There are 2 protein chains.
Amino acid sequence: MNIGEAARASGVSAKMIRYYEQSGLIPKAGRSAAGYRDYSTTDVHMLRFVRRSRDLGFSMAEIEELLQLWRDRSRQSADVKRIALARIADLRRRIQEMEEMAATLEDLASCCSGDNRPDCPILADLEQGEAGKPRRSRGAIDSAP
Amino acid sequence: MNIGEAARASGVSAKMIRYYEQSGLIPKAGRSAAGYRDYSTTDVHMLRFVRRSRDLGFSMAEIEELLQLWRDRSRQSADVKRIALARIADLRRRIQEMEEMAATLEDLASCCSGDNRPDCPILADLEQGEAGKPRRSRGAIDSAP
DNA sequence: CCTTGACCTTCCCACGGTTGGAAGCCCCAC
DNA sequence: GTGGGGCTTCCAACCGTGGGAAGGTCAAGG
C-alpha cells in the first residue's frame, strides 16, 4: 500500500508519516522497486495508534515510549498506566493555569463598560499587572487551522 | 538604561526584547554612542504591558493590537473588551478539549489494573480508538521549564 | 505507443515563541 | 591596563504541521 493510501486508512497525513519515519518515531518503511514507501495493514495499525495517542495529547517522546510498550509482549500494564497518569496530571495542571487566565480576563472584562469611552480597566490592568507567575506561550491544541 | 537593566525591571528577557523589536511588536529602541539600546521608564512600562499580556495568554498579534489601543488615547474600551472576550472564548474552547482528553485518559486508567501483567486496556484503546476529532499538538503554557 | 493526471520522491521554508551559542566589541572597577 | 561581565549581531534549535518546488512513476485512455 502506498503512503497516500496508508494516510487515508490511518488518518495520519503523508507528510506526517514521512516526518515520523525521519525522526525515528516509527521504523523506516520498505520501498517498492520505484522507491515508493510500502505499508502493510500492521503498519496502518501502528499509524492509527500514533494518531490516537496524539489526539489524546501525548508528546512524541511519550508516544515513542508507548509504541515500545505496545510492541513488547511482556510489558507491564503499570508502565503504561504511569505514562497515562503523568499525562493526566499534566493536563490538569495546564487546565488549571488556563482557568486562572480565563478567570482573570473575565474579571477584567466584567469591569469594562465596553462602550465607546476611552477608559478601559483591562488596559489599566495590563499596564499595572504584577504578573510574575506563569509566563510562557499560549500554545495548545490550536484546533482551528 | 541598558537592555539588561530594562529586562530585569520589566521581567522580559533581553533576548525577547530584541526579538520583539526585531519582529516589530515594539518600536526600535534608541542607541547610545556605543550602539547599546537605551530604554526609558516608559519603555519599561510598555515591556511590562507586553509581559503581563503574554502571561494572560495573548498571542503576539493580539498584543500588537492591544499595544496600539494602549497608545491610542481616543481608543474605545469596546475594542479592548472584544479582544479579551475572544481570548476568553478561545481559552474555554481549549480547556474543554483538554478536559475531554483528561476524561478519556482517566476512564482508561481506571480500567487498567496497573500491575505487572501485560494486559493493558489503555494500549488496547490506543490500538483501536476511533479518534477523529481534535487532533493537533498538545502545546500550552509549558509552565515548568 | 504516448499523453495525461494522480501519485510518489526529496528538499527547503514557514509558523509560534523562546532559548542557546559563537564571535566580537564595549564599559567599568580594580 | 586588564579581567570579567555587559552589549552587539547572526545562526540554529525545539515541536508538529502544512506548503510548495522539482523531478520520477504509475495507470488509464486515446
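A short reminder: the numbers here are calculations on the coordinates, not readings from a lab. Owing to the predicted nature of the structure, the values given are computational and were not obtained by experimental measurement. Cβ placement follows ideal geometry from the backbone for every residue including glycine, while neighbour counts extend to all protein chains displayed.
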Please give, to one decimal in nm, the separation of the simple spin-label points placed at A:Ala14 and B:Arg82, each 7 Å out from Cα toward the Cβ. 4.2 nm
Show the residues, 5+ positions off or on another chain, whose built amide H is closer than 5 Å to the amide H of A:Arg37. A:Ile3, A:Ser32
If packing is taken as the average number of other Cβ atoms within 10 Å across a peptide's residues, how do A:25-37, B:116-128, A:64-76 rank, most packed first? B:116-128, A:64-76, A:25-37
Between the modelled labels at A:Arg92 and B:Glu65 (7 Å from Cα along Cα→Cβ) the distance in nm is 3.5 nm
Unit Cα scatterers, Debye sum, chain B: log10 I(q)/I(0) for q = 0.16, 0.21, 0.22 Å⁻¹: -0.94, -1.31, -1.37
Translational diffusion coefficient, Stokes-Einstein: compute it for the protein assembly as shown using the Kirkwood radius over C-alpha pairs as Rh, at 4 °C and 1.567 mPa s, and state it as an integer in µm² s⁻¹. 59 µm²/s
Expressed in nanometres to one decimal, the distance between label points 7 Å along Cα→Cβ at A:Ala103 and A:Ala124 is 2.2 nm
Contact order normalised by residue count of chain B, Cα under 8 Å, 6+ apart, percent: 14 percent
